1. Give, in nm to one decimal, the length gained when the segment between Glu12 and Lys51 is fully stretched (0.36 nm per residue of separation minus the Cα-Cα distance).
2. Counting C-alpha atoms alone, how compact is region 1-59: give Rg to one decimal and Dmax as a whole number, in angstrom.
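Here, each number is a calculation from the coordinates, and none is a lab measurement. Computed from a prediction, not measured in an experiment: that's the story for all the values here.
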Amino acid sequence: MTQQYRAYLVGEDGVFRSAEAFEASSDDAALIFAQQFTRHGKVEVWQLGRKIAVLDSEQSSPPSARPFPPTLTRQ
């Protein structure tokens, strides 16, 4: 069973710049999918009214310093 999620791209001013709706089978799968958007900046991942995590921007650290799996803050 899949659930509805949204990945919000957060601007430097803290305002949502765009959103991408998608389906995933779990929170972990949603975070893996949403990681692709971090090349554009910080991303908040939501499942309905529940904030799942904040993913840091890929641009915030050099490629060699980027952890895998993605750096995130669980809510």
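1. Working: separation 39, 0.36 × 39 = 14.04 nm, distance 1.90 nm.
Additional length available on full extension: 12.1 nm.
2. 10.6, 36
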